[in-house]
1. Select from 188, 135, 296 the residue whose mean-square fluctuation is largest in a Gaussian network model of the chain (Cα-Cα springs shorter than 10 Å).
2. How far is helix 40-49 tilted off the main Cα axis of the chain, in degrees rounded to 10, range 0 to 90?
3. Once you put a point 7 Å from the Cα of residue 229 and another 7 Å from the Cα of residue 274, both along the Cβ direction, what distance in nm separates them?
4. Where the eigenvalues come from the Cα gyration tensor of the stretch 106-289, what are the semi-axes √(5λ) of the equivalent ellipsoid, largest first, in whole Å?
5. Hey, any idea what the orientation-averaged projected area of the convex hull of the stretch 208-326's Cα atoms comes to, in nm²?
6. Work out, step by step, the length gained on full extension between residue 283 and residue 122: first 0.36 nm times the residue separation, then minus their alpha carbon distance; give nm to one decimal.
7. At q = 0.20, 0.25, 0.30 Å⁻¹, work out log10 I(q)/I(0) for the stretch 198-250 with the Debye formula, treating every Cα as an identical point scatterer and leaving solvent out; two decimals please.
8. Got a sec? Which residues in the stretch 272-286 would a label at residue 41 touch, if it sits 7 Å along Cα→Cβ and we count backbone N under 14 Å?
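Computed from the coordinates by the stated procedures, all read-outs in this text should not be read as laboratory data. Just so we're clear, the structure is a prediction, and the values are computed from it rather than from any experiment. Note that we place each Cβ from the backbone using ideal geometry, even for glycine, and neighbour counts take in every protein chain shown.
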Ligand code: DGY
């Protein structure tokens, strides 16, 4: 039974407690206490029976799902900045507003990109496994030598909010030479402040960089942007980092490039078919694999939830939500 006056909102995954508490105060909130991933049928039921839905990257909100009748929901307030799991054209065609949660996860995701660069270059995952398996026999000058990060060339594919935050850390913190490619580059003064150099093409970045870090959105244009031909342009000493979206990298091609020694290593937080990881990657020691943790701090996940909540509140108050995507 919904309380008159309070919109019904379905939240598809567990959210941090302060967010769920606030949602329950503001709305007739239907939460997901056992945190199971929603089936398409459950998503459709939510769209049929609630005024708003808060999905996450683990929901595939396809055109088919959105074709549900009758459709009651009027807003999809996504918990996350990336919204490639939502067919936004289909949502728009059905009169749904879609919002996301930008800004609040920029710093944590940038921190994670730097962490992954360090992990793969300094062999941190491998070292951890070495100690935990009892293989370590003690310090020696030639043991597990890695690659220095400081002073190297960082190539950014995408120079939006997160790319810029990575550039700031890399340039000011690690004295890296930063170059980037983005079809929509930031203003010149921002580029100068970051000490960054714009390259005309992705290929130009790949040829020069010691570390290539991906910060593009997932769109039809960026699907398999990093493919076999482009991986072949990278230096054999270079590392690939992906904290953006899995399908920007052709995982099968990446495995081949790593096996052939075309690149030195990779560090991934996102995968083509999450939570499935291409088996070839699991076998390689020069690959760091994290389970999509870019924004996974208490602080950021609460902030993301509050941002989604603000979008819902604005929408139901008749205003344009701050983070409206369509
Ligand atoms: C984001 O916010 O896009 C994160 O990757 C989780 O969806």
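1. Answer for the Gaussian network model of the chain: 135.
2. The two axes meet at around 40 degrees.
3. Distance between the two pseudo-spin positions: 2.9 nm.
4. Details: eigenvalues 138, 77, 41 Å².
Here the semi-axes work out to 26, 20, 14 Å.
5. Numbers: hull surface 36.2 nm².
For the Cα atoms of the stretch 208-326, the hull's average projected area reads 9.0 nm².
6. Working: separation 161, 0.36 × 161 = 57.96 nm, distance 1.84 nm.
The residue 283-residue 122 span can extend by a further 56.1 nm.
7. Result of the Debye calculation: -0.67, -1.04, -1.36.
8. Within reach of a label on residue 41: no residues.
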